[in-house]
Structures are given as structure tokens and as C-alpha cells.
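The values are calculated or read from the model by the stated rules, or taken from the named source; none is laboratory data. Bear in mind the structure is a predicted one, so any value in this text is a computation, not a measurement. Here the Cβ positions follow ideal geometry from the backbone for every residue, glycine too, while neighbour counts run over all protein chains shown.
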Amino acid sequence: MYNTPANFINEQKIWEILEKNKQADFNKIRETLSKASEMKGLNLDDVAALTNISDPEMLSELFNTANKVKETIYGKRLVIFAPLYISNLCANECLYCAFRATNKDIVRSVLSQKKIANEVKTLINQGQKRVLLVAGESYPKQGFQYVLDSIKTIYEVKTDHGEIRRVNVNVAPLKKEEFKQLKDAGIGTYQIFQETYHRETYNKVHLAGKKRDYNWRAWSLHRAMEAGIDDVGIGVLFGLFDYRFEIMAMMQHIFELEEKFGVGPHTVSVPRLEPATNSDIASHPPFPVSDIDFRKIVAILRLAVPYTGIIMSTRETAKMRRETFALGVSQISAGSKTNPGGYEEKSEDDPSGQFSLGDHRPLDEVIRDVASMGYIPSFCTACYRLGRTGSDFMDLAKPGDIKLHCGPNALSSFKEYLQNYASEETNEVGGKLIHKTINDMSGLAKQRAEKLIKRVEAGRDDVYC
């Protein structure tokens, strides 16, 4: 099966639907936005119509609808995490990436388990609770066992007030048996990006290595879910090809997973091409995505897959990140480093990193900024540990019941951060926000939030419901 073409990505159908909806009028757009406001998702014709919006009035309606859907489902929560690069070894030749095999202008590094532990201690002492483990597609002599050992190391590091409570993973496509090992290691989400779904472009930008096999990569989430990993994440590297095509293809991928497994991806990531050492294509994207189109992408995805998390990385500037919170982003990385060892070294944007960052602010500053905008930074990992994943999570999310857990848990994890790690200024801003948020709550959610906050104030860490 997995050596066969990924026929669930139908390029001809995508172009036909885009062409059919190219001249969608205001009535069609408004009908689509009205449908989207029901929070039941959109089909390919709906998505195609929205991708062609350019009129300022229609854009405003799109953004307003996305904001309403985001606020209804997620409220004012923003999940916080940090990437942890353990190695930049790679056997692939991806023209947009600094880690590509022939790039001699970066220092290759593989972190020992001791160095990984030191990186984790640094992240914990900043207040982080969840990390995304990242590695290039080449491992030291231990092979894939190196990744499994690294996950074990991350979970074993403890400090006075903290530990990493959930490890998500972004590594190269695996065999089904290896995915089972990853599941047994206790990961949260397995994340992988197709980068571009356009086959011709894919072949042009992936010149060598296992990643050159479009189909092996496209089928990877099928293997992961068959192995028991029910939370998976997908994404596109916007700028390699026409963003309208990429959104449509990603929707085809989502529909395929929903049909085969009863649930789609847990998260969707929306990175844009950013400069990378020795990469001309990264500095000069073939299909550059403007800021307005980038905001449109986030808004469309929020309406198309309303219960799926949308991740915004530190590739983007602080300004752009702020603007997308209201449009659908529900998870952000903060204080990120993209070079192995970058946290302990406290380096600036390192030329050995995978790409350039747009937001260099430390975690505490990001938290203060997010809180000052009225958003609750959430370090919660309760759903993973209580089995609320995959279809079980969606069964709670779609009727709105997940809010009875997510709201209180976000507040308690934020209070824990403020109490143990925050600067005085951030503590003051965050404390006021928590007080206001609880006052605005009612019923069971308010009772749970007050109970959890009291436990944290009494010195308890890691409380959740």
C-alpha cells in the first residue's frame, strides 16, 4: 500500500474546483461564511471559494467569522510549547533547509543524552511543560533508538517545580513497527509536514535522500495511526507553491484521514518559508505569501477544520503572531531555538539553525505580551495523560464539553507558571487576567477553576481535571 501513489491527493480535481469557484460572488461567500459559523467544517468547494476572496469587505467578514469560531471553541486560550532540536544531521537534499546534506556552512551536532538533559533543564527552568522533539533525517550509530532514548531522557529530567509533561515529535517518516515504538515511548502528537503537496514542485526541491519519495512521506500518517498514534499533526511550507493549491491538497489529506480513521489531524501547522543558511529558495520563495494572504490562510483553515489546533511558530514576527491569534491560531512556540544545544548556550539566531526566526523574545516576555492581550497562556497536558486524544477528544470538543476541562486547566497551569517562573511584571499582568477570567466564568467551569487555583496557591504543582 505505502509504495503506491498517494492517490488521495488529486491534483486535477483541485485545479477544477479552484477554477469553478474562481468567480464566487458575494452571495456565495456569505453563504459559505454562514455555513462555517455553524462549526461543522467546510467542503472543497467552500474552501476554494474562500481562497479567492480579495475584496476588503469580504476579507473583513472572513476574519470576523474566523474570530467568532475561534473564540467559541477555544475561548482565550493559547497553548505554549518549545521545539527541542537534538540533532541537525541529515541525509536529505532539501533546497529550502539549512540542514541539507551538502551544506558545509553549518556545524553538525548530535546532542548526547547528557546534553539533552541540560537543554531540558534550561527549558524547565524557563517554565516550559511541553516540547516538540525535532531531528534531521539521519541518526548517530544508535539509529532510531537515539530518538527513543532522547524521549526517555526528556521525561526523566526533574527540577524542584517542574518537568516536561509531554513530548511531541517531529521526525522523518517511520515504518509501522517504529511508530509503535514511538507510541510506547509515551509521545503526545506525531507531527510531519508534506512541505508541498504539488508533486512537480516536490521533486524539484527534494533532490536526494529518503525524503525525495513523495508517496512514502504522504502515507506516513496512515502508518502512524495504524500503529496507535491517534494525535497527528500535518502542515505545509507555504511559499514553495501556490497557497490555494496547498490548502486544497491539505484538505484532501484531512478528509482521507477522517474517512479511514474516523478522525483527522490534531494540529495543522502553517510555516512560511524563511531564510536559511546557504539556501537561495528560502530567501526568495517561488510563490511568496503576502501578510494579508497569510492571515487569510489561517482564517480559512480555522473555518474548514474548526476543532483542529492551528500552530504558529516563531518563524513569524511578534506582530504577525499577535494578528493571527484572533483568526484561529491556538498553539504557539515561544522562546524557540532551532539549533541543537541552543537553549543551554543562550545563543542568538544561530547560522547552524534550521531557519531564521522572526520572534526572538524570551518565554517570559511572550507570556506577558499574550496575557496583556487577554489570552490565557496554557501549559496544560491533561488530555494526553487522561486519554482525551483522537476521537475521544473530538467527541468532547464538538459539543463544547471540552471547555469544562480546558478553561480551568489553562488557568491552573498558567498560575503555576506565574508562581514558579514569571518575572514580577509578568506575574502582575497574569494575576489580574486570571482574576478577571474567573469572574467572567460561571457554573461548573468556574467551580473547577477556583478549586484548581486554590490548590496551586497552596503549593501544589500539576493539578488538572
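For the residues GLU38, GLU71, GLU57, GLU93, the requirement of being surrounded by fewer than 18 Cβ atoms within 10 Å (Cβ to Cβ) and in contact with a His (Cβ under 8 Å, 6 or more places away or on another chain) singles out GLU93.
Condition check ((1) assigned by TED's automatic domain parsing to the domain that holds ILE187; (2) modelled with pLDDT under 95; (3) within 29 Å of GLY358 (Cβ to Cβ)) across all residues:
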residue: ASN215; (1), (2), (3): yes, no, no
residue: GLY233; (1), (2), (3): yes, no, yes
residue: PHE241; (1), (2), (3): yes, no, yes
residue: HIS284; (1), (2), (3): yes, yes, yes
residue: ASP291; (1), (2), (3): yes, no, yes
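A search for C-beta distances below 7 Å between a residue of segment 405-425 that is in the same structural domain as MET441 (by TED's automatic domain parsing) and any residue that is of a type in the set (D, E, K, R) and part of a helix (DSSP H, G or I), counting only pairs 6+ apart in sequence or on different chains, returns PRO408/ARG448; ALA422/ASP364; SER423/ASP364; GLU425/ARG368.
Table: residues versus (1) touching a helix residue (DSSP H, G or I) at 6+ places or on another chain (Cβ under 8 Å); (2) farther than 30 Å from PRO362 by Cβ; (3) modelled with pLDDT under 95; (4) not in a helix (DSSP H, G or I).
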site: LEU18; (1), (2), (3), (4): yes, yes, no, no
site: SER34; (1), (2), (3), (4): no, yes, no, no
site: VAL47; (1), (2), (3), (4): yes, yes, no, no
site: LEU50; (1), (2), (3), (4): yes, yes, no, no
site: LEU59; (1), (2), (3), (4): yes, yes, no, no
site: ILE86; (1), (2), (3), (4): yes, no, no, yes
site: CYS97; (1), (2), (3), (4): yes, no, yes, yes
site: LYS104; (1), (2), (3), (4): no, yes, yes, yes
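Once segment 223-268 is narrowed to residues that are farther than 12 Å from THR196 by Cα and charged (D, E, K, R), the residue that is surrounded by the fewest Cβ atoms within 10 Å (Cβ to Cβ) is GLU259.
Scanning segment 138-163 for residues that are touching a strand residue (DSSP E or B) at 6+ places or on another chain (Cβ under 6 Å) and small (Gly, Ala, Ser) gives a single hit, SER150.
Among the residues of segment 283-325, those identified as in a helix (DSSP H, G or I), over 17 Å from the mean Cα position of the chain (by Cα), more than 20 Å from LYS76 (Cβ to Cβ) and without any contact (Cβ under 8 Å) to a residue 60 or more places away in the chain are SER283, ASP291, ASP293.
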